[in-house]
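Chemist: First, the structure itself, so that you have it in front of you.
All of the numbers you see were taken from the coordinates with simple rules; none came from a lab. From a predicted model like this one, the values you see are computed outputs, not experimental measurements. Positions of Cβ are generated from backbone atoms using ideal geometry, with glycine treated the same way; all protein chains shown enter the neighbour counts.
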Amino acid sequence: MTFKMKATATAAALIIGGSAIAATPIQNVDVDVDLDAVQNATAAAYWTDVADDLENEIVSRLTSQIDNDGASLSIDIDEVSLANTFEKTFGWEENFLIGDVLISNPLDASAHEFYTLKVSFENAKSYLPEDMDLATVTNDSPYYYESMIEAFADNVVAKLK
């Protein structure tokens, strides 16, 4: 199924499903991270594409909510959390992706919202392939990266529904 077909199917499901809670219309999504501030070179190299990848994951989940008159979604990823992934020797529950999320609506100042989202790998494990052996996942694995991005994106989008 192509992306366009998925978006159409999702939109149709929303229309058929009746009027549920109104989703927040979104005009644009911007994810920012200052990789120069990440003092760990290994972490900076590993997270190089985090802003673009997270932005793309969020937008792909919001296709039915895109609206030229919608709110702006801005996320500033915490650089320290990115570096800590490679510096901590503790368990997975100590690895986090943290970001400040701002939802601002130029048409309705009362609709502004700000919060800090903190997703741990413990939360993100459910995004790994079902047959994945957790003992083989390391903090520099593509599976770790992808699961953290997906978990963060899903949490952001859930707040917009």
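Chemist: Assign unit charges at the C-beta atoms only (+1 for Lys and Arg, -1 for Asp and Glu), then state the dipole size of region 90-140 relative to its Cα centre in Debye, rounded to the nearest 20.
Modeler: Around 160 debye, computed over region 90-140.
Chemist: Cut-off under 14 Å on the C-alpha distance; same-chain residues fewer than 8 positions from K125 excluded. Which aspartates and glutamates are left, in chain and number order?
Modeler: E93, E94, D133, E146, E150, D154
Chemist: If you don't mind, there's one more thing I want to ask. If we sort 34-40, 128-134, 70-76 on the protection proxy, mean other Cβ atoms within 10 Å, highest first, what's the order?
Modeler: Most protected by this proxy first, the peptides run 70-76, 34-40, 128-134.
Chemist: Could I ask something else about it? Grab the eigenvalues of the alpha-carbon gyration tensor for region 35-120, scale each by 5, take roots, and send me the semi-axes largest first in whole angstrom.
Modeler: Over the Cα atoms of region 35-120, the semi-axes work out to 29, 14, 12 Å.
Chemist: Still on this structure: What is the dipole size for region 28-161, taken about its Cα centre, with +1 at each Lys and Arg Cβ and -1 at each Asp and Glu Cβ, in debye to the nearest 20?
Modeler: 340
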